Amino acid sequence: MERVFIGRQPIIDRRGGLYAYELLHRRGDSQSAEDQDGDRMSSDMLLNAILEVGFRQINASHPIFINVTRNVLLNGGLDSLPSKRVGLEVLETVSVDRPLLDKLRRLRAHGFTIALDDFTYSPERAALLEHADIVKLDVLALDDAALERHVALLKRPGVKLLAEKVETQAMHARALGLGFDLFQGYFFARPETCNGGAIRPNQLVLMQLLARIYDPHISPAELGAIIRGDVSMSLTVLRWANSALFGLLNTVESVERAVVVLGTYTIRNWVSLLALARMGGAVPELHTTILVRARSCELLAAATGRPNPEGYFTVGLLSALDAILQVNMEQALECISLTSDQQDALLRRSGSLGAALRCVLALEEGDERGAQFGTLAPSDVSRCYFAAIDWVNQLGSPGAQKRRGPLRKQRRASARAVRATVQ
């Protein structure tokens, strides 16, 4: 189990909001041939999601979807999982017969959401549609005519169509126009680099703010003055400084005091995140992805004893600036004063900063070969990533600590049932 990686990819609704996450599973290169079968991968994913990571840490408030094979579906154990938290994706390789259809009917009655992964219509697989809540279509594998035929055939009340492998803004717009309900792909989790375009006037103001914030010679007093010039930003900084997140003993009553107590690096990064969120140009879930990415880079640096972990946070924070502004990264960075190492990391993924960013991007995609950083073991790399997710979850969840006990009990009970799937 040490070599298991769990990545997560957001599933987005038509309004750009987060609907759920799909968990992505990979195992290390040293696995034996018998360990590569789908049954083992599916069961390992469930066990690791429950035992090693935990549903709360993966995401505090949205469902997770996990690929399941025929044997995992039929051999029992799934009924003990929290059906409102876990969706089951039936793989395209699953053979269809009466025992499978009966099992899907029982799982749906138990409250599970059933998704058909990489679905292509055929008479043999049509019977699955009666038991599906979500049908996933690969928009890369189907040409325009085939995609339109599938949408016309599958669109019906009570069934959501999910466009997967959406990689560009044009593909997203096309799927929206065809009537898809949900969307998934690198356009959301690994933002595309857009060529050309221009920064809009309101974005230019925020870019100028970022430029001043990242001025290496700025003093705490000057940084406080910049923040104080924006009422909304001032209130947000004070709310952050006085939140349980930082655990300060005394109330912070001024922006200047917040800068002194929390430090220039911390304030700079939080204000940058607020500015990025105001820029628009991307689905809201991208901002969560950005924050997880930034914290993961910082934790990787800290775990390997790299100097200035805050600089790694900055690289992760700005890694989607091109997608937010909808210009290429070179244009986006022209307005900001960063170190040459940070610029190289963002433009070319080079150096130690770039290696951390590459590692986190690989984790997002469940790519075990790319999820490496320094001398860290794979389990330590994954631990940093999910510690970052936990940290982001707690930003908006002040009661999270109180809920850990019941969730741990639920996790242990569910894990015992899941083990039966590979026996």
Report task. Determine, for each peptide in 167-173, 254-260, the mean count of other beta carbons within 10 angstrom over its residues, then list the peptides with the highest first. Result -> 254-260, 167-173
Report summary line: Across all Cα atoms of region 272-386, Rg and the largest Cα-Cα distance (Dmax), in Å, are 13.4, 38
Requested in this report: For region 80-196, compute Rh as the Kirkwood radius over C-alpha pairs and then the Stokes-Einstein diffusion coefficient at 37 °C and 0.692 mPa s; write the answer in µm²/s, rounded to an integer.
Outcome: 216
**Report entry** Largest-first principal axis extents, alpha carbons of region 107-162, Å
**Finding:** 37, 21, 19
Query - Surface/4 of the Cα convex hull for region 62-123, nm² - result: 4.3
Requested in this report: Quick one: compute the contact order of region 294-369, relative version, from alpha carbon pairs under 8 angstrom and 6+ residues apart, as a percent.
Outcome: 26
Report summary line: With a 1.4 angstrom probe the carbon and sulfur portion of accessible area for region 340-387, in percent, totals 44
Query raised in the report: Just the accessible area for D230, please: 1.4 Å probe, Å², rounded to the nearest 10?
Result: 40
Report task. Determine, for each peptide in 84-96, 153-165, the mean count of other beta carbons within 10 angstrom over its residues, then list the peptides with the highest first. Result -> 84-96, 153-165
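The values are calculated or read from the model by the stated rules, or taken from the named source; none is laboratory data. The model shown is predicted, which means the values in this text are computed figures rather than measured ones. Don't worry about glycine lacking a Cβ; one is built from the backbone with ideal geometry, like all the others, and counts go over all protein chains shown. When the accessible area is computed, the model is the full protein with side chains, heavy atoms only, and any ligands, DNA or RNA have been set aside. Shrake-Rupley method; radii C 1.70, N 1.55, O 1.52, S 1.80 Å.
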